[in-house]
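To start, the structure itself, in structure tokens.
No lab work stands behind these numbers, since they all come straight from the coordinates. Values in this document were obtained by computation on a predicted structure and should not be read as measured data. Please note: Cβ atoms are built from the backbone with ideal geometry, for glycine as well, and neighbour counts cover all protein chains shown.
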Amino acid sequence: MADGPHEGDRAPDFCLLEASEEMICLSDSLKGRALVIIFYPTDFGITCTQEFKRFKEMSGEFAEAGAGLLGISVSSTRSHRAWKERMDMNIPLLSDWEAKTSRTYNVMSPEDSLLKGYSTRAIFIVDRDQVIRYRWVPPDSHTQPDYDLILGKVRELRTNTV
């Protein structure tokens, strides 16, 4: 998995601290539902703020479709708490402080990038069996995801498992 996990692969498990200092593990978070894992460079960034504002607005639709949302970046839990408070957001934000999970998923920014040392923007949809059903890793970290497409992919999962 040198280039990271792909659609159809089992999603590598991880356990990371959430902004609340609670340890969150992927395998425990599935609980019979899908998860949209949102890797992003940093808290308070312009594009990151726009992205999470949109996910926050759509969080009810994702819940109705049977999926939770989970953000991951190399930012600290302290930074996550401050950003969540500023955004008035309840999406769990996990601190990949050592970048182990970002490296496992192969979503670290290139060494020659201005964002060197940070996660790049990426989306993974993981089904309740911990299988990756959708993977989006754009070549440019300033690109925002197609939110409606992601919601549609989550809805397809629910339709295919009923």
Antiparallel DSSP beta bridges within the chain, percent to nearest 5
65
Helix-only [θ]222 nm of the chain, DSSP H runs n ≥ 4, -39500 (n - 2.57) each, per residue, nearest 500:
-10500 deg cm²/dmol
For Glu61, Glu18, what ranking results if the residue with the fewest other Cβ atoms within 10 Å of its Cβ goes first?
Glu61, Glu18
Among Ser141, Cys25, Tyr105, which residue has its Cα furthest toward the positive end of the charge dipole of the chain, with +1 on Lys/Arg Cβ and -1 on Asp/Glu Cβ?
Cys25
Partnerless cysteines, meaning none of the other Cys C-beta atoms lie under 4.7 Å away, in the chain
Cys48
Using a 7 Å offset from Cα along Cα-Cβ at Arg158, what residues in the stretch 19-37 end up with backbone N under 18 Å from the label point?
30-37
Calculated from the structure, mean projected area of the Cα convex hull in nm² equals which of (i) 8.6; (ii) 11.8; (iii) 10.3?
(i)
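Order by neighbour count: Thr159, Thr101, fewest other Cβ atoms within 10 Å first, most last.
Working: Thr159 10, Thr101 23.
Ranking Thr159, Thr101 by Cβ neighbours within 10 Å, fewest first, gives Thr159, Thr101.
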With label points set 7 Å from each Cα along the Cα-to-Cβ direction at Asp3 and Asp129, the distance between them in nm comes to 2.5
